[in-house]
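**Student:** Have a look at the structure that comes next, please.
The values are calculated or read from the model by the stated rules, or taken from the named source; none is laboratory data. If you're wondering where the values come from, they're calculated on a predicted model, not measured in any experiment. Glycine gets a Cβ as well: all are built from the backbone with ideal geometry, and neighbour counts include every protein chain shown.
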Amino acid sequence: MKHILKFLTLIIILVSVYFYFALYPKFDIINGFSSKSIASHKFIADRSQSQTEKEDNDIPSMNLATSTLNEKDKSVNSKVVIFKNRTSKFKDGLGAILIPHGKENEPINIPKPNRNKQTINKPYPSGNLKPIDTIFNTIDYAKINKAIDFAFEDKHKTRSVLVLYKGHLISEKYAENFDKNSIILGWSMTKSVTSTILGVLEKQEKVNLDQKFLFPIWEDDSRKEITLKNLLNMNSGLEWLEDYGKICDVTKMLFIEPKMSKVQLEKQFAGKPNESWNYSSGTTNLLSEFIRNRFGTHQEYLDFWYTEFIDKIGMHSMLIETDYSGTYVGSSYGWATTRDWAKYGQFYLQNGMWNGEQIINKSWVDFTKEPTNTSNGDYGGHFWLNAGKYFKDAPENMYSANGYQGQRVFILPTQELVIVRTGLKSSSDFDMNLFLKGILSSLE
């Protein structure tokens, strides 16, 4: 009998150890994602908890979490059964912040960014006034409408499509419950915005692509040789695993770590700079920390993104959320209306010029479009490229800001086109090439 009891005790211990190390962290991530997503969609985009859970949180394992929304204190608490409660709190100007364990009752001591949302008195997209109705004889509107209707077939879960041609709004369509004022999470399209902020700093001669010694912690080892360009090209050689289906670097960063830049900052080499392209959300949040270090105060850092770029071009709907340390989550958490995402594409189509002001150098835009070594022509300076003809029926010089579940801002310089698509299905489920081909055929 004693042997049986010892055996059962051992089994219980082994199961408990497995549970703690394998399942418990997963619950932490599930609860973190659930509470953060519901809080952000509710208090930024004014979407209900039920809609968020049905649509945006409709991914494996998220239905395990039970979430409670508190409108009074603008928070959401999520838990899987009785394990690992996680709380996210909304703070005006900063978005919904995932709170570390044990800090739930402490105030969030991060200053609010100062913004200038003054109306730019020009027609959209150059300003914030009503767009000018324009009909082009060179466009087959029946074909463009057919391409857009394809995007809105139920199985594709498209939320919005907008097309700018020669600086004019020529087509715009929204799914039920969405319109031109709906604020949409761009996910990794935010990475491109982070690159733009560095472009502004470069224009102001505060950074340069070749600079090294980027972080004090790297100065006593070989990581000091990593350049700003290496980071922007996702070609630093630092180890990183980006797999949202498991507990790994990216999921621990987004849903556990209070200071997200720390995860990539502490990584060692897994390859060589400029020879080891590896897509890394950690790298972008490291760049956000690098930007933070260019300023004397936290307030200056928070203000700069808006005053020197976002609000300057009239993207007044945009909000970039911070982590618990107050650093912008430049990898993932940028929100804006479809019209403002399109305005962002138009800014690049105009080579960094906006209403007569060169906000970033044309050379920075050119760098953005240069294929990164070892990326097979797919990636540039925090933008995705078509140099490797990933989209076989789109031009090679097309480039884009890309986000999870098929968020896209396509920029087509030769055709003078900007195409935005937002939704809940990526290119593996939605034939983005066919969609682009249809729109391009309308110009032929």
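**Student:** Among the listed residues M315, M253, identify the single one that is out of contact with any strand residue (DSSP E or B) (no Cβ under 9 Å at 6 or more places or on another chain) and crowded, with 20+ Cβ neighbours inside 10 Å.
**Tutor:** Numbers: M315 fails: out of contact with any strand residue (DSSP E or B) (no Cβ under 9 Å at 6 or more places or on another chain).
Answer to the selection: M253.
**Student:** Kindly provide the set of residues from the stretch 375-393 that are within 16 Å of N278 (Cβ to Cβ) and charged (D, E, K, R), ordered by number.
**Tutor:** D378
**Student:** Considering only the stretch 219-236, how many residues are touching a residue at least 40 places away in the same chain (Cβ under 8 Å) and more than 22 Å from the chain's Cα centre (by Cα)?
**Tutor:** 5
**Student:** How many residues does the stretch 56-79 hold that are surrounded by 15 or more Cβ atoms within 10 Å (Cβ to Cβ) and among the acidic types (D, E)?
**Tutor:** 1
**Student:** Evaluate the stretch 263-272: report whether one residue or more is in a helix (DSSP H, G or I), surrounded by fewer than 21 Cβ atoms within 10 Å (Cβ to Cβ), of a type in the set (A, V, I, L, M, F, W, C) and at negative phi.
**Tutor:** Yes, the stretch 263-272 contains at least one residue that is in a helix (DSSP H, G or I), surrounded by fewer than 21 Cβ atoms within 10 Å (Cβ to Cβ), of a type in the set (A, V, I, L, M, F, W, C) and at negative phi.
**Student:** What is the one condition in (1) among the polar types (S, T, N, Q); (2) surrounded by fewer than 16 Cβ atoms within 10 Å (Cβ to Cβ); (3) farther than 17 Å from Q415 by Cβ that N351 does not satisfy?
**Tutor:** (3)
Yes/no per residue for (1) at pLDDT below 95; (2) surrounded by fewer than 21 Cβ atoms within 10 Å (Cβ to Cβ); (3) not in a helix (DSSP H, G or I):
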site: I197; (1), (2), (3): no, no, no
site: K212; (1), (2), (3): no, yes, yes
site: I217; (1), (2), (3): no, yes, no
site: K229; (1), (2), (3): no, yes, no
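Conditions (1) of a type outside the set (D, E); (2) in the same structural domain as Q346 (by TED's automatic domain parsing); (3) over 21 Å from the mean Cα position of the chain (by Cα); (4) within 26 Å of E153 (Cα to Cα), marked per residue:
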| position | (1), (2), (3), (4) |
| --- | --- |
| N373 | yes, yes, yes, no |
| Y379 | yes, yes, no, no |
| N386 | yes, yes, no, yes |
| Q405 | yes, yes, no, yes |
| R408 | yes, yes, no, yes |
| L412 | yes, yes, no, yes |
| E416 | no, yes, yes, no |
| R421 | yes, yes, no, yes |
| K425 | yes, yes, no, yes |
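**Student:** Additional query: Before we move on, is H156 without any contact (Cβ under 8 Å) to a residue 40 or more places away in the chain and under 30 Å from G32 (Cβ atoms)?
**Tutor:** Taking the combined requirement at face value, the residue does not satisfy it.
**Student:** Could you list all residues from the stretch 81-93 that are of a type in the set (A, V, I, L, M, F, W, C) and assigned to a loop (DSSP other than H, G, I, E, B)?
**Tutor:** Once the filter is applied, which keeps residues that are of a type in the set (A, V, I, L, M, F, W, C) and assigned to a loop (DSSP other than H, G, I, E, B), the stretch 81-93 yields V81, I82.
**Student:** Follow-up question, since we're still on this one. Within the stretch 303-353, which residues are in a loop (DSSP other than H, G, I, E, B) and within 16 Å of the chain's Cα centre (by Cα)?
**Tutor:** M315, S317, M318, E321, D323, T327, V329, G330, S331, S332, Y333
**Student:** Quick one: count up the residues across the stretch 358-380 that are of a type in the set (K, R) and in contact (Cβ under 8 Å) with a residue 40 or more places away in the chain.
**Tutor:** Of the stretch 358-380, the ones of a type in the set (K, R) are 362, 369.
The next check asks that each one be in contact (Cβ under 8 Å) with a residue 40 or more places away in the chain; those that pass are none.
Selection size over the stretch 358-380: 0.
**Student:** While we're on this one: Show the residue pairs that are 6+ apart or on different chains and have beta-carbon atoms under 7 Å apart, the first residue being within the stretch 119-147 and within 25 Å of M432 (Cβ to Cβ), the second being surrounded by fewer than 16 Cβ atoms within 10 Å (Cβ to Cβ) and among the small types (G, A, S).
**Tutor:** Note: pairs meeting the criteria are K143/S441.
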